[in-house]
Structure formats: C-alpha cells, structure tokens
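Engineer: Right, I'll just put the structure down here and ask away after.
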Amino acid sequence: MSFTFISSLPSPDVIREQFPLAPNLAKLKREKDEELKNVFTGESDKFVVIIGPCSADHEDSVVDYAHRLVKVQEKTKDRLIIVPRVYTNKPRTTGEGYMGMIHQPDPEKKPNMFEGILAIRHMHMRVLRETGFSTADEMLYPENLHYLSDIMSYIAVGARSVENQFHRLVASGCDVPVGMKNPTSGDLTVMLNSVVAAQLPHDFIFRANQVHCPGNPLTHTILRGAVNKHGQAIPNYHYEDLRLLFELYSKRSLKNPACIVDTNHSNSNKHYEEQIRIAKEVLHSRRHSEDIRRLVKGLMIESYIEPGSQKIGEHCYGKSITDPCLGWEDSERLLYEIAESV
C-alpha cells in the first residue's frame, strides 16, 4: 500500500490527560448538556440555534465571535439555547481546499496533525472557559471524536458521512444530541435510517478495541437541502418538506422525533443572505402547525464577524475562508427576531 507514515499521534486519552478540562468547566458542560437534552426530549420548549462560522479557522476571531453571542444569549435565555459552531473538521466535495484546523492550525502552512489536535482542543476549551458556551462540531473523523467529546454538547454528521456505517455506530455511543444530515441526494429515508441505526445499541471495533455502545436516543435529523443530477440545489425547508418529514417520523418507532433546519448549504444554494428569509419561513411553519412546532427544535446558521468569504491569505479578521457567512450585525438582529418568534 502506498502509505507514508509520517508520525504517530497521541491518543485522545493522552491528550485529555495532558490538557484536562477543569472540574468547574466539566460541571458547566454537564449543565449545558442537560439543557439541550431537555429540548430534544420535549421537556423544554426552548429553541436551539447552532450558529457560527462555516469553519473555525482562527482562534482569536472564533472566541471573539463567541463572546458576542454571550450578550444575546443572556437577553434571550428564556427562549433560546445558543450553541456556537466551532467546526474544526471540514469535508471537501472534491478533496481539495482547506480541511479544517485539525489538518492545518495555520491555513497558510502545511498540514500538521499533532499541532492541529492541540489547537482544536485549546480553542474549544477556551470558548467554554471564557464564555460559558459548550460547543458544536462535526464528526468528520469518528476516531478523533474523543479529542473533543468532553467539551462539545452537540455533534453533527454531514451529508457525505451520513450513510457511513462507522459514523452511525460511533453516534450510538454519544451522550449528547447528534444530528444526521440528509445526504446530498436528498433521500430522507437514508437520513432516517441513520437515526435508527444510531439509536440502537452496537458492538464494534474502535481504536483497536472491541466496544459496546448503548444507543443514543438524542440522535435526530438535520435538513440541509439537496442537489439533483444537474447540480441544481433543491431546498427542503419548506412547510411541505417539514410535513413530509413529520409523516415519515410517524411511521417509525423512533425516540424523540426532532429536526434541525440548516439554513445554508443547499437550502440557500450558498446564497448566505437567504439564511435570514429561510429562518423566518421555518419559524412561520412552526407557528402554522403544532406538529411541526414539536418536530423542529432549532436552526443551524452559518455566521461570522464579517459577511461573505475570503480567500486564504487575504487576512480579513473574522471572515470565512470556506463558505460565505452572515455578518455579525445581521446575525445579532436575526437572533433577536428568532427569540421573538418562537
């Protein structure tokens, strides 16, 4: 096999021992987990907003962004639960481009996985320590999950990973909400099959060990739009789409039926400004139907300090180097409007 082994990497247990989470932060994280759990089980009527940059590429601006969310969370705490997106693993459609901080802690330098592991743990921990927010990230590489699992309160499985058996099995061992996105084809049954699999117990091989996972009843769906055979975006956030998902859930014996709507990606056709309109339409659908209100637990929004996106090397502080994002002013306004509408 044409593998060049560059270096051995420390296991998550070693990294967590060297860079432990302080007891007060571990307690805070457990409290955040319980808050989110209560939303997905229906014990809480609060609305979840998972919001932040497409990719967390720069620690200072990511933490700055999280600090800005603190004031909004305080003013909306009776209605919203805000979870910062701190996405450090980036799937790439063609395998080209920036693959996240775990690969390149400095996007302008060559990949360095060891430095990347340290960088992402430090950044997630710093957000929790300085702002009180536990975080969300994508489970792109299941075997890397435990580098951050003691800090994160929300995990997403992406459209290109949702059919993968390993992702489903590892999700069954997570004790926080795991959102399964619909695949890029848009097939909702694939997404729901993934939820079924992750809610069941499993025995499998993980990091050279036989492990048992009990099943995760907080596994749920994320609608992110689809792409047809001509490469055209097909949104799936409309009332009819939400109604269809509710009916498909009703035919299955699943725990805690729930959905998060991703307002960007193929739902917006990557026209990031459309996220504002899409969020408002989803909220209108919730007000129109009690079934949809119970099903749709929150929104996922791509947002950063500066609107749009930039190329690597342009050095615009707080501007995405992957997908374009809403800027802070629009994001802040939208969050308050969401709080008033739920």
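The values are calculated or read from the model by the stated rules, or taken from the named source; none is laboratory data. None of these values were measured; they are calculated from a predicted model. Note that each Cβ is placed from the backbone with ideal geometry, even for glycine, and that neighbours are counted across all protein chains shown.
Engineer: Answer yes if at least one residue in segment 255-267 is among the basic types (Lys, Arg), in contact with a His (Cβ under 8 Å, 6 or more places away or on another chain), at pLDDT 95 or above and closer than 24 Å to residue 164 by Cβ, and no otherwise.
Structural biologist: No, segment 255-267 contains no residue that is among the basic types (Lys, Arg), in contact with a His (Cβ under 8 Å, 6 or more places away or on another chain), at pLDDT 95 or above and closer than 24 Å to residue 164 by Cβ.
Engineer: Considering segment 93-141 alone, what residues qualify as being touching a strand residue (DSSP E or B) at 6+ places or on another chain (Cβ under 8 Å) and surrounded by fewer than 20 Cβ atoms within 10 Å (Cβ to Cβ)?
Structural biologist: Scanning segment 93-141 gives a single hit, 131.
Engineer: Check 253, 341 and return the single one that is more than 21 Å from the chain's Cα centre (by Cα), closer than 20 Å to residue 36 by Cα and of a type in the set (S, T, N, Q).
Structural biologist: Only one candidate qualifies: 341.
Engineer: Then there is this: Quick check on my filter: what residues within segment 148-173 are surrounded by 21 or more Cβ atoms within 10 Å (Cβ to Cβ), closer than 27 Å to residue 65 by Cα and out of contact with any Lys or Arg (no Cβ under 6 Å at 6 or more places or on another chain)?
Structural biologist: Of everything in segment 148-173, those that are surrounded by 21 or more Cβ atoms within 10 Å (Cβ to Cβ), closer than 27 Å to residue 65 by Cα and out of contact with any Lys or Arg (no Cβ under 6 Å at 6 or more places or on another chain) turn out to be 148, 151, 152, 154, 155, 156, 157.
Engineer: In this structure, is residue 334 buried (at least 20 other Cβ atoms within 10 Å of the Cβ) and in contact with a Phe, Trp or Tyr (Cβ under 9 Å, 6 or more places away or on another chain)?
Structural biologist: no
Engineer: Here is a further query. Restricting the search to segment 181-218, which residues are touching a Phe, Trp or Tyr at 6+ places or on another chain (Cβ under 9 Å) and not hydrophobic (A, V, I, L, M, F, W, C)?
Structural biologist: 210, 212, 217 - these are the residues of segment 181-218 that are touching a Phe, Trp or Tyr at 6+ places or on another chain (Cβ under 9 Å) and not hydrophobic (A, V, I, L, M, F, W, C).
Engineer: Here is a follow-up. Only one of 164, 193, 182 is in contact with a helix residue (DSSP H, G or I) (Cβ under 6 Å, 6 or more places away or on another chain) and either under 15 Å from residue 141 (Cα atoms) or at pLDDT 95 or above (or both); which?
Structural biologist: Only one candidate qualifies: 182.
Engineer: How many of the residues making up segment 1-29 are in contact (Cβ under 8 Å) with a residue 24 or more places away in the chain, under 22 Å from residue 112 (Cα atoms) and outside any loop (DSSP other than H, G, I, E, B)?
Structural biologist: Residues flagged as in contact (Cβ under 8 Å) with a residue 24 or more places away in the chain, under 22 Å from residue 112 (Cα atoms) and outside any loop (DSSP other than H, G, I, E, B) within segment 1-29 amount to 4.
Engineer: Can you say whether residue 277 is in contact with a helix residue (DSSP H, G or I) (Cβ under 9 Å, 6 or more places away or on another chain), more than 15 Å from residue 53 (Cβ to Cβ) and among the basic types (Lys, Arg), as far as the supplied structure shows?
Structural biologist: Spelling it out, it is not the case that residue 277 is in contact with a helix residue (DSSP H, G or I) (Cβ under 9 Å, 6 or more places away or on another chain), more than 15 Å from residue 53 (Cβ to Cβ) and among the basic types (Lys, Arg).
Engineer: OK, next. Take the residues in segment 40-62 that are in a loop (DSSP other than H, G, I, E, B) and hydrophobic (A, V, I, L, M, F, W, C); name whichever of them is farthest from the chain's Cα centre (by Cα). Break it down stepwise before answering.
Structural biologist: Going through segment 40-62, the residues in a loop (DSSP other than H, G, I, E, B) turn out to be 41-46, 53-58.
Narrowing the set further to residues that are hydrophobic (A, V, I, L, M, F, W, C) leaves 54, 56.
On the way: 54: 10, 56: 12 Å.
The qualifying residue farthest from the chain's Cα centre (by Cα) is 56.
Engineer: Of all residues in segment 70-90 being closer than 16 Å to residue 302 by Cα and in contact with a Ser or Thr (Cβ under 7 Å, 6 or more places away or on another chain), which is surrounded by the fewest Cβ atoms within 10 Å (Cβ to Cβ)?
Structural biologist: 90
Engineer: Limited to segment 224-281, what total is found for residues that are outside any helix (DSSP H, G or I) and either without any contact (Cβ under 8 Å) to a residue 60 or more places away in the chain or polar (S, T, N, Q) (or both)?
Structural biologist: Summing the residues that are outside any helix (DSSP H, G or I) and either without any contact (Cβ under 8 Å) to a residue 60 or more places away in the chain or polar (S, T, N, Q) (or both) in segment 224-281 gives 29.
Engineer: Turning to a different aspect of this structure: Across segment 288-331, what is the total count of residues that are buried (at least 19 other Cβ atoms within 10 Å of the Cβ), in a helix (DSSP H, G or I) and out of contact with any helix residue (DSSP H, G or I) (no Cβ under 8 Å at 6 or more places or on another chain)?
Structural biologist: Within segment 288-331, residues that are buried (at least 19 other Cβ atoms within 10 Å of the Cβ), in a helix (DSSP H, G or I) and out of contact with any helix residue (DSSP H, G or I) (no Cβ under 8 Å at 6 or more places or on another chain) number 1.
Engineer: Suppose we filter 279, 233 for residues that are of a type in the set (Gly, Ala, Ser), more than 20 Å from the chain's Cα centre (by Cα), under 30 Å from residue 341 (Cα atoms) and at pLDDT 95 or above; which single one remains?
Structural biologist: Testing whether each residue is of a type in the set (Gly, Ala, Ser), more than 20 Å from the chain's Cα centre (by Cα), under 30 Å from residue 341 (Cα atoms) and at pLDDT 95 or above leaves just 233.
Engineer: Return the pairs, sorted by first residue and then second, in which the second residue is of a type in the set (Ser, Thr, Tyr) and buried (at least 17 other Cβ atoms within 10 Å of the Cβ), the first residue lies in segment 286-299 and is within 14 Å of residue 48 (Cα to Cα) and without any contact (Cβ under 8 Å) to a residue 24 or more places away in the chain, the beta carbons are less than 8 Å apart, and the residues are 6+ apart or on different chains.
Structural biologist: Hits for this filter: zero, empty list.
Engineer: Another question about this same structure. So which residues in segment 206-252 are in contact with a His (Cβ under 6 Å, 6 or more places away or on another chain), surrounded by 20 or more Cβ atoms within 10 Å (Cβ to Cβ) and either small (Gly, Ala, Ser) or more than 23 Å from residue 290 (Cα to Cα) (or both), if there are any at all?
Structural biologist: 225
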